[in-house]
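The values are calculated or read from the model by the stated rules, or taken from the named source; none is laboratory data. The structure presented is a predicted model; accordingly, all values stated were derived computationally and were not measured. Glycine also receives a Cβ, built like all others from the backbone with ideal geometry; neighbour counts cover every protein chain displayed.
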Amino acid sequence: MIIENILNASAELFTISTVILMMVGVTAGLIAGAIPGFTFAMAVVLVLPFTFSMTPVQGLATMIGVYVGGLSGGLMSGILTGIPGTPSSVATTFDGFPMARKGQPGLALGIGVWSSFFGGVISAIVLVLVAPQLALVGLEFQPWDFFSLVLFALTVTASLAGDQLLKGLISGLLGLLAATIGTDVIFGLPRFTFGQSGLESGFSFLPVLIGLFAFSQLLSDTRDTEAARKPLSADEEAVVKIEHRKAAILVLKRWGNLIRSSIIGIFVGILPAAGSSISNILAYDQAKKASKTPEKFGTGIEDGIIAPESANNATAGGTLIVMMALGIPGDIVTAIMLGALLIHDVVPSPSFIEDQPIIAYSIFIAFFVANFLMLGLQSITLRGFVLITKVRMYMLAAVILFYCAIGVFALGNITFDIWTLFIFGVLGFALKMMGFPIVPMILGVVLGTIAEKNLSQALAITTDLAPFFTRPWSLFFITLGAFSIFYPSYQKQRSEKTWTLAFIPLFLMALAPSIFMMEGVIRPVVAVGFLLGGLYLLAKRKQRGWVLESPSMVPDHPSDRE
Amino acid sequence: MHINRDAIVAIVLLIGCGLFINESFAIKEATFGQMSSALWPRIILAPLTLLSLIFFVKSLFQERSEGEQKGGFVGWLKYYKNPIFVFGFFAIFVATLPFFGMLVGGVLFVFLTLSYFGGWDSRSLFLHGLIACATVGFMWSVFTFALGVILPQGELFYGVIKGI
């Protein structure tokens, strides 16, 4: 069955046109990722209008190409200029740039490229192995569980806004509210139209997303006239030759760091909204802690490039696992992919891999192949990157703004969609300027309909609210959501307040009841492990006299950087 | 205690919540099913109103927000001049789309935006005109001929055709 699915998907994927589209996607992603301020998420957003005329497999393969390319593209500017192209490669600059400055830019780039490649490949293998298994778990979900999962996704997204938790929650609720405008998804009744007939069909999801994310970002980039008039990168580096052979051997020799960082990347990717902007720094931090020579980090050592680059590419596999297994987007890129699937009337759900095996396995293979394409195309795009950096920001912004309009119109042939783009562009820009994170709002818009549908189904079965707290998965997600609200305070006060020492043990113990209620033998055993682990940690910390630990290096506001 | 930027945002949010809560009573009730069409929006509006209220109270006791512009309304206008102009150009472009169409309207929009940022000297105008024609023309061609999208042609186009 699996082999049959792989063969069928390969037949669909390995056509000349699809491979060319993937190559174009990877190249575009590499260049977009390399331009400071122009994130790969924006590149995936901008590719979307082109995909509506493609088959679902072609569209998704192109997007995955952009995604993988974009994750790796950031290392070029990070290593050569010291300015990370995307937030995913912030930690790469810590050692990549010093190594380039020491006269080894080719080796630094090589290590970055090969680490990205291996991280991506490890993540692709995990994706293929884990997604179908997680989808089986997803089949256990009932409406109450899905509703709680959506709540958890929103609270964790808001909590990633760090100090701005309140603004993050408001942003998420605004997204949910925006999704209610138009026609009620259950009965088809008009809602919040304020007497305007144009609003009866509601706001299309994709113009809203492009407006909130891409449009508002471009406006932010051009707020300062002087900055907008400058070339994208002031440094005009000469084209360097990537030292592939030496770099590949060096990366493989440090396989422990490579695997640990890739696992960190995958795990972070699975968490809703926690993308590669977090994983690269976490992996760097862990590599430093595990190193025998931590004092050398920051001076241009190999491990300092391997950790962030393998982690950020591995994150993509993690985000795809959740989208494919549960039908829930964990970040902007998977939200866009979900939108692309919906354009083709394909609705991701826990039965997605079973119902749409060709599309699902095409995603697996495309993700795998995209990493190889990235490896081959990196050297070529390095030249393109040098040329692109000479373009001025305002020129790029003006052209892309028009492209947003034409692209949004093309999605549905409706002029109102361009107005939607404009309205949400203004809203997104205003919120951003007021310090509200945008990502919770985007996820709110995407998840609003899913939440309402599941709540309606749950209430249709019974008006009793108890199942939200008595069903194991629902309770599990509610517990996670509740702890995620307190996570920013925990993170901020970790090395200052004593209560933070009890946070993780209590978290483990709180999760235990819901896991214990789950079917089978393994999960109840895991629950007992959680309970005992929590008790052990509490006892240990009490024995130590509640002594505070040293702080770790984790970014404060990562959710908006992607 | 003073009214700062966050307080104004909170007030706007609270007014918005009030409008939406009021409008939620105008939503028709379905005669079947368990969940009213107004229930889910109200479930959202209740915490949104509460959080906006907390945000308002919190903002009253906080120092001037980070990045908050001094110089009152004029200072604010000056600080956000570029986005305001570009939003204006874009709004005009969309509003005049039925007349100019996507091609001509797009060229004008890109040209205006480029010139606003890049300057109005003859060399820049020539360069901006060239970029606007080339990029918009390219995108228009791709969407029209390669993707088969029927883009708005505009009354101007029809007028020219009629004239010919």
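State all residues of segment A:366-402 that are polar (S, T, N, Q) and either out of contact with any Phe, Trp or Tyr (no Cβ under 8 Å at 6 or more places or on another chain) or modelled with pLDDT under 75 (or both); if no residue qualifies, say none.
A:378, A:379, A:381, A:389
Quick one: would you say residue A:362 is at pLDDT 90 or above and either within 14 Å of chain B (Cβ to nearest Cβ) or not in a loop (DSSP other than H, G, I, E, B) (or both)?
yes
With A:27, A:55, A:39 as the choices, which residue is in contact with a Ser or Thr (Cβ under 9 Å, 6 or more places away or on another chain), over 20 Å from residue A:321 (Cα atoms), crowded, with 24+ Cβ neighbours inside 10 Å and among the polar types (S, T, N, Q)?
Matching residue, one of A:27, A:55, A:39: A:39.
What is the number of the single condition among (1) within 19 Å of residue B:105 (Cβ to Cβ); (2) at pLDDT below 90; (3) among the hydrophobic types (A, V, I, L, M, F, W, C) that residue A:447 does not meet?
(1)
Just give me the residues in segment A:407-425 being surrounded by 19 or more Cβ atoms within 10 Å (Cβ to Cβ) and not β-branched (Val, Ile, Thr), in sequence order.
Once the filter is applied, which keeps residues that are surrounded by 19 or more Cβ atoms within 10 Å (Cβ to Cβ) and not β-branched (Val, Ile, Thr), segment A:407-425 yields A:407, A:409, A:410, A:411, A:417, A:419, A:421, A:422, A:424, A:425.
If you check residue A:106 against the conditions, is it surrounded by fewer than 21 Cβ atoms within 10 Å (Cβ to Cβ), away from every other protein chain (no Cβ under 14 Å), closer than 30 Å to residue A:378 by Cβ and not aliphatic (A, V, I, L, M)?
Yes; evaluated as a whole, the condition is true for this residue.
What pairs come up if the first residue lies in segment B:60-84 and is among the basic types (Lys, Arg), the second is modelled with pLDDT of 75 or more and assigned to a helix (DSSP H, G or I), and their beta carbons are under 9 Å apart, counting only those six or more places apart or on different chains?
B:64/B:5; B:81/A:225
I need the full set of residues from segment A:530-545 which are within 10 Å of residue A:502 (Cβ to Cβ) and touching a residue at least 24 places away in the same chain (Cβ under 8 Å), in order please. Walk me through how you get there before you give the answer.
Initially, segment A:530-545 is screened for residues within 10 Å of residue A:502 (Cβ to Cβ), giving A:534, A:537-538, A:541-542.
Within segment A:530-545, A:534, A:537, A:538, A:541 meet the criteria.
Considering only segment B:13-49, state which residues are among the aliphatic types (A, V, I, L, M) and surrounded by fewer than 13 Cβ atoms within 10 Å (Cβ to Cβ).
B:15, B:19, listed by residue number.
If a residue must be at pLDDT below 90, in contact with a Leu (Cβ under 8 Å, 6 or more places away or on another chain) and hydroxyl-bearing (Ser, Thr, Tyr), how many such residues does segment A:155-206 contain?
Matching residues across segment A:155-206 total 6.
For the structure I just gave you, tell me whether residue A:17 is of a type outside the set (A, V, I, L, M), assigned by TED's automatic domain parsing to the domain that holds residue A:413, more than 24 Å from the chain's Cα centre (by Cα) and closer than 20 Å to residue A:317 by Cα.
So residue A:17 fails the test.
In this structure, does residue B:100 turn out to be touching a Leu at 6+ places or on another chain (Cβ under 8 Å), surrounded by 17 or more Cβ atoms within 10 Å (Cβ to Cβ) and within 11 Å of another protein chain (Cβ to nearest Cβ)? Working first, answer last.
Details: touching a Leu at 6+ places or on another chain (Cβ under 8 Å): yes; surrounded by 17 or more Cβ atoms within 10 Å (Cβ to Cβ): yes; within 11 Å of another protein chain (Cβ to nearest Cβ): no.
Answer is no for this residue.
List pairs: first residue in segment A:416-429 and farther than 21 Å from residue B:102 by Cα and within 10 Å of chain B (Cβ to nearest Cβ), second residue among the small types (Gly, Ala, Ser) and part of a helix (DSSP H, G or I) anywhere in the structure, Cβ distance under 6 angstrom, at least six positions apart or on different chains.
Listed by first residue and then by second, the contacts come to A:429/A:216.
Looking at A:455, A:443 in this structure, which one is facing chain B (nearest Cβ under 10 Å) and touching a helix residue (DSSP H, G or I) at 6+ places or on another chain (Cβ under 7 Å)?
Numbers: A:443 fails: facing chain B (nearest Cβ under 10 Å).
Residue meeting the stated conditions: A:455.
Can you give me the ranges of the helices (runs of 4 or more DSSP H) entirely in segment A:377-492 with at least 3 residues that are more than 30 Å from residue B:139 (Cα to Cα)? Give the derivation first.
Numbers: elements: A:393-412, A:416-433, A:439-461, A:467-470.
So the answer is A:439-461, A:467-470.
Among the helices (runs of 4 or more DSSP H) contained in segment B:1-94, which hold 1 or more residues that are at pLDDT 95 or above and more than 10 Å from every other protein chain (Cβ to nearest Cβ)?
Filter on segment B:1-94 gives B:5-24, B:39-60.
Kindly indicate which of B:151, B:125 is modelled with pLDDT of 90 or more, touching a Ser or Thr at 6+ places or on another chain (Cβ under 9 Å) and more than 9 Å from chain A (Cβ to nearest Cβ).
Answer to the check: B:125.
Taking residue A:520 and the conditions (1) on the phi > 0 side of the Ramachandran plot; (2) touching a residue at least 12 places away in the same chain (Cβ under 8 Å), which numbered condition does it fall short on, given that it satisfies the others?
(2)
Select, from A:151, A:127, the only residue that is surrounded by fewer than 24 Cβ atoms within 10 Å (Cβ to Cβ), at pLDDT 85 or above and either within 17 Å of the chain's Cα centre (by Cα) or under 21 Å from residue A:335 (Cβ atoms) (or both).
A:151
Could you tell me how many of the residues in segment A:378-398 are closer than 30 Å to residue A:106 by Cβ and either among the β-branched types (Val, Ile, Thr) or surrounded by 23 or more Cβ atoms within 10 Å (Cβ to Cβ) (or both)?
8
Quick check on residue A:174: is it within 28 Å of residue A:456 (Cα to Cα), more than 10 Å from chain B (Cβ to nearest Cβ) and either assigned to a helix (DSSP H, G or I) or touching a Gly at 6+ places or on another chain (Cβ under 8 Å) (or both)?
no
Looking at the structure I just gave you, is residue A:148 touching a residue at least 40 places away in the same chain (Cβ under 8 Å) and touching a Ser or Thr at 6+ places or on another chain (Cβ under 6 Å)? Break it down into steps so the answer makes sense when it comes.
Working: touching a residue at least 40 places away in the same chain (Cβ under 8 Å): yes; touching a Ser or Thr at 6+ places or on another chain (Cβ under 6 Å): yes.
Judged against the criteria, residue A:148 is a match.
Can you find a residue that is buried (at least 24 other Cβ atoms within 10 Å of the Cβ) and either touching a Cys at 6+ places or on another chain (Cβ under 9 Å) or among the small types (Gly, Ala, Ser) (or both) anywhere in segment A:1-17?
Scanning segment A:1-17 turns up no residue that is buried (at least 24 other Cβ atoms within 10 Å of the Cβ) and either touching a Cys at 6+ places or on another chain (Cβ under 9 Å) or among the small types (Gly, Ala, Ser) (or both).
When you check residue A:485 against the structure, is it in contact with a helix residue (DSSP H, G or I) (Cβ under 7 Å, 6 or more places away or on another chain), within 14 Å of another protein chain (Cβ to nearest Cβ) and closer than 22 Å to residue A:150 by Cα, yes or no?
yes
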